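Visitor: I have a structure I would like to understand better, so I am pasting it below and will then ask my questions one at a time.
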Amino acid sequence: MPRSVPAVRRTASLTSQLGLTERIFVRGEDRQVATAVDDGLALVEEALHREMRFADNLADVTTRYLLEAGGKRVRPMLTLLTAQLGEGNTPEVLQAAQAVEITHLASLYHDDVMDDSQMRRGVPTAQFVWGNSVAVLTGDLLFARASKLVSALGERAIQLQADTFERLCLGQLHETIGPQDGEDPVAHYIRVLEDKTGSLISVAAQMGVVFSKADAAYEKPVVTFGEKIGVAFQLIDDVIDLSSMGVAETGKTPGNDLRAGVATLPVLRLRERADADPEARALLERLERDVIGTAEDGEITPEATAAIAALREHEVTAQTLDEAHRWAREAVEALAPLPDGAVKKALVRFADTIVERSS
């Protein structure tokens with residue numbers, strides 16, 4: 001049976017994040033798993049604030065900037081959840097969960113520089129506050145700190161971290177240079193999502209299995225689950241980017257990705273239709289004139305707001321939602337080899353929550 005840990009300060013509750021209490025964790029065994037994950041998250045949260053301290057005054061402020069801005073702690077939650085398939089919240093599992101979240105935070109600093117983002121988690125981005133160089137170096141410091149945590153877990157952890165870091169870099173590289181001649185833009189985009197998001201979510205779930213000493217046969221199912229749910233997560237982000245809600249509700253400025261020049265799936269699908277569909281072509285021209293690549297122009301214009309609204313109402317956005325749901329269904333199907341029980345049900349509910357979210 002999975003080991004539980006003493007309850008401590010709960011700063012990131014699994015049940016509050018995913019609404020699992022009433023819908024899933026209704027039996028004694030289910031509640032036990034939920035409590036173990038919540039307790040583990042509280043321990044991880046406290047450890048993150050400890051591990052991300054630096055003697056240098058500036059580094060100490062910049063490295064904890066996004067940590068203290070909040071976040072759902074999705075990746076460490078997955079590590080802790082899949083660990084309940086084995087020995088539960090072992091010290092190794094808790095350390096792996098910390099390393100995964102610090103790696104994720106490091107990638108956000110770099111992403112915001114690459115995308116020229118101005119807001120993250122409802123606060124100005126680090127690069128907006130301190131400049132690009134400080135933001136990049138802060139991300140590097142966090143990657144180094146995550147590597148220290150991983151190195152103490154042994155060769156397997158180092159290999160998993162290195163493979164994931166490689167994919168994160170390749171995903172960003174491919175997003176930056178765009179599809180090559182003859183390459184399908186949508187296939188290229190999905191590959192970027194698999195590398196930039198799916199890789200870290202899948203290794204988070206995999207580390208829970210590995211470091212809880214669960215049955216090795218569970219590794220492949222949770223890796224596939226993580227890869228696919230990562231793509232679904234980002235496709236939903238593409239839709240949220242078009243939301244009419246403000247920063248307070250979504251944590252993002254409407255059209256932030258488009259204004260940064262990121263061709264999200266709704267835009268890619270619109271381009272596919274443009275040659276044969278005059279309406280799609282006209283909307284695409286509006287987006288390319290008033291929205292895409294306008295992040296440096298300052299405040300969003302009324303013309304940009306109207307174009308984003310038109311894209312939000314277009315069929316290609318509904319198509320993107322459908323594709324997100326398809327990836328989530330495939331993620332759930334990959335869980336078939338796992339034993340029935342609270343962990344499997346929670347992973348299914350997690351997939352549902354990903355495609356239902358609004359922020």
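Visitor: Quick one: count up the residues across the range 165-184 that are open to solvent by 60 Å² or more (accessible area, probe 1.4 Å) and in a helix (DSSP H, G or I).
Guide: So the count comes out to 8.
Visitor: If Glu68 satisfies every condition in (1) at pLDDT 90 or above; (2) out of contact with any Leu (no Cβ under 7 Å at 6 or more places or on another chain); (3) open to solvent by 20 Å² or more (accessible area, probe 1.4 Å) but one, which is the exception?
Guide: Unmet condition: (1).
Visitor: Here's a follow-up. Go through the residues of the range 190-203 one by one and say whether even a single one is out of contact with any Leu (no Cβ under 7 Å at 6 or more places or on another chain), part of a helix (DSSP H, G or I) and farther than 23 Å from Asp241 by Cα.
Guide: Yes, the conditions are met somewhere in the range 190-203.
Visitor: Continuing with the same structure: Has the range 81-94 got any residue that is open to solvent by 10 Å² or more (accessible area, probe 1.4 Å), on the phi < 0 side of the Ramachandran plot, of a type in the set (Asp, Glu) and in a helix (DSSP H, G or I)?
Guide: Taking every residue of the range 81-94 in turn, at least one turns out to be open to solvent by 10 Å² or more (accessible area, probe 1.4 Å), on the phi < 0 side of the Ramachandran plot, of a type in the set (Asp, Glu) and in a helix (DSSP H, G or I).
Visitor: Can I ask one more? If I ask for residues that are of a type outside the set (D, E, K, R) and within 16 Å of Trp130 (Cα to Cα), which ones from the range 52-66 would you list?
Guide: Narrowing the range 52-66 to residues of a type outside the set (D, E, K, R): 52, 54-55, 57-59, 61-63, 65-66.
Across the range 52-66, the qualifying residues are Asn57, Leu58, Ala59, Val61, Thr62, Thr63, Tyr65, Leu66.
Visitor: From the list Gln206, Gln234, which one is among the polar types (S, T, N, Q) and either within 27 Å of Leu258 (Cα to Cα) or not in a helix (DSSP H, G or I) (or both)? It would help to see each step written out before you state the result.
Guide: Working: Gln206 fails: either within 27 Å of Leu258 (Cα to Cα) or not in a helix (DSSP H, G or I) (or both).
Of Gln206, Gln234, the one residue that is among the polar types (S, T, N, Q) and either within 27 Å of Leu258 (Cα to Cα) or not in a helix (DSSP H, G or I) (or both) is Gln234.
Visitor: Among Val113, Val100, which is the only one that is aliphatic (A, V, I, L, M) and under 28 Å from Leu268 (Cβ atoms)?
Guide: Details: Val100 fails: under 28 Å from Leu268 (Cβ atoms).
Selected residue: Val113, the only one of Val113, Val100 that is aliphatic (A, V, I, L, M) and under 28 Å from Leu268 (Cβ atoms).
Visitor: Considering Glu299, Glu279, Glu315, Glu288, which residue is exposed (fewer than 13 other Cβ atoms within 10 Å of the Cβ) and more than 20 Å from Leu193 (Cβ to Cβ)? Walk me through it before giving the result.
Guide: Details: Glu279 fails: exposed (fewer than 13 other Cβ atoms within 10 Å of the Cβ); Glu315 fails: exposed (fewer than 13 other Cβ atoms within 10 Å of the Cβ); Glu288 fails: exposed (fewer than 13 other Cβ atoms within 10 Å of the Cβ).
None of the other options fit; the residue is Glu299.
Visitor: Hey, among Glu303, Glu330, which residue is within 23 Å of the chain's Cα centre (by Cα), assigned to a helix (DSSP H, G or I) and over 24 Å from Gly122 (Cβ atoms)? Spell out how you get there, then give the answer.
Guide: Numbers: Glu303 fails: within 23 Å of the chain's Cα centre (by Cα).
The conditions single out Glu330.
Visitor: Does the range 240-247 contain at least one residue that is open to solvent by 40 Å² or more (accessible area, probe 1.4 Å), at pLDDT below 90 and not β-branched (Val, Ile, Thr)?
Guide: Yes, some residue in the range 240-247 is open to solvent by 40 Å² or more (accessible area, probe 1.4 Å), at pLDDT below 90 and not β-branched (Val, Ile, Thr).
Here is a yes/no grid of residues against (1) of a type in the set (D, E, K, R); (2) under 25 Å from Asp38 (Cβ atoms):
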{"site": "Pro266", "(1), (2)": "no, no"}
{"site": "Leu287", "(1), (2)": "no, no"}
{"site": "Glu323", "(1), (2)": "yes, no"}
{"site": "Gly341", "(1), (2)": "no, yes"}
{"site": "Glu356", "(1), (2)": "yes, yes"}
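Visitor: Can you confirm whether Ala157 is closer than 27 Å to Pro221 by Cβ, under 16 Å from the mean Cα position of the chain (by Cα), assigned to a helix (DSSP H, G or I) and touching a residue at least 40 places away in the same chain (Cβ under 8 Å)?
Guide: Details: closer than 27 Å to Pro221 by Cβ: yes; under 16 Å from the mean Cα position of the chain (by Cα): no; assigned to a helix (DSSP H, G or I): yes; touching a residue at least 40 places away in the same chain (Cβ under 8 Å): yes.
It is false that Ala157 is closer than 27 Å to Pro221 by Cβ, under 16 Å from the mean Cα position of the chain (by Cα), assigned to a helix (DSSP H, G or I) and touching a residue at least 40 places away in the same chain (Cβ under 8 Å).
Visitor: Moving on. Being open to solvent by 30 Å² or more (accessible area, probe 1.4 Å) and of a type in the set (Gly, Ala, Ser) is the filter; apply it to the range 210-239 and report the residue that is farthest from Asp340 (Cα to Cα).
Guide: Within the range 210-239, the match that is farthest from Asp340 (Cα to Cα) is Ala216.
Visitor: Follow-up. Pick from Ala351, Ala328, Ala334, Ala304: which is touching a Ser or Thr at 6+ places or on another chain (Cβ under 7 Å), closer than 22 Å to Leu265 by Cβ and touching a residue at least 60 places away in the same chain (Cβ under 8 Å)?
Guide: On the way: Ala351 fails: touching a Ser or Thr at 6+ places or on another chain (Cβ under 7 Å); Ala328 fails: touching a Ser or Thr at 6+ places or on another chain (Cβ under 7 Å); Ala304 fails: touching a residue at least 60 places away in the same chain (Cβ under 8 Å).
After ruling out the rest, the residue left standing is Ala334.
Visitor: Then there is this: Consider Arg50 carefully, then state whether it is surrounded by fewer than 24 Cβ atoms within 10 Å (Cβ to Cβ), free of Cβ contacts under 8 Å to residues at least 40 places away in the same chain and either more than 19 Å from the chain's Cα centre (by Cα) or at positive phi (or both).
Guide: Numbers: surrounded by fewer than 24 Cβ atoms within 10 Å (Cβ to Cβ): yes; free of Cβ contacts under 8 Å to residues at least 40 places away in the same chain: yes; either more than 19 Å from the chain's Cα centre (by Cα) or at positive phi (or both): yes.
So Arg50 passes the test.
Visitor: Which condition number does Glu272 fail, the rest of (1) assigned to a helix (DSSP H, G or I); (2) open to solvent by 50 Å² or more (accessible area, probe 1.4 Å); (3) closer than 13 Å to Pro254 by Cβ being met?
Guide: Among (1) assigned to a helix (DSSP H, G or I); (2) open to solvent by 50 Å² or more (accessible area, probe 1.4 Å); (3) closer than 13 Å to Pro254 by Cβ, the lone unmet condition for Glu272 is (3).
Visitor: Only one of Arg329, Arg357, Arg349 is open to solvent by 60 Å² or more (accessible area, probe 1.4 Å) and among the basic types (Lys, Arg); which? It would help to see each step written out before you state the result.
Guide: Values: Arg357 fails: open to solvent by 60 Å² or more (accessible area, probe 1.4 Å); Arg349 fails: open to solvent by 60 Å² or more (accessible area, probe 1.4 Å).
Unique residue meeting the criteria: Arg329.
Visitor: For Ala162, indicate whether it is modelled with pLDDT of 95 or more, open to solvent by 30 Å² or more (accessible area, probe 1.4 Å), of a type in the set (A, V, I, L, M) and over 28 Å from Asp56 (Cα atoms). Spell out the reasoning first.
Guide: Details: modelled with pLDDT of 95 or more: yes; open to solvent by 30 Å² or more (accessible area, probe 1.4 Å): yes; of a type in the set (A, V, I, L, M): yes; over 28 Å from Asp56 (Cα atoms): no.
Considered against the rule, which asks whether it is modelled with pLDDT of 95 or more, open to solvent by 30 Å² or more (accessible area, probe 1.4 Å), of a type in the set (A, V, I, L, M) and over 28 Å from Asp56 (Cα atoms), Ala162 comes out as no.
Visitor: Only residues that are closer than 19 Å to Gly71 by Cα, touching a residue at least 40 places away in the same chain (Cβ under 8 Å) and open to solvent by 30 Å² or more (accessible area, probe 1.4 Å): list them for the range 115-128, please.
Guide: Gln118, Met119, Arg120, Arg121, Gly122, Val123
Visitor: Return yes or no: is Asp111 part of a helix (DSSP H, G or I), modelled with pLDDT under 90 and closer than 23 Å to Glu227 by Cβ? It would help to see each step written out before you state the result.
Guide: Working: part of a helix (DSSP H, G or I): yes; modelled with pLDDT under 90: yes; closer than 23 Å to Glu227 by Cβ: yes.
Answer is yes for this residue.
The values are calculated or read from the model by the stated rules, or taken from the named source; none is laboratory data. The shown structure was predicted, so the numbers you read here are calculated from the model rather than taken from an experiment. Note that we place each Cβ from the backbone using ideal geometry, even for glycine, and neighbour counts take in every protein chain shown. Accessible surface areas use protein heavy atoms only, side chains included; no ligands, DNA or RNA. Shrake-Rupley method; radii C 1.70, N 1.55, O 1.52, S 1.80 Å.
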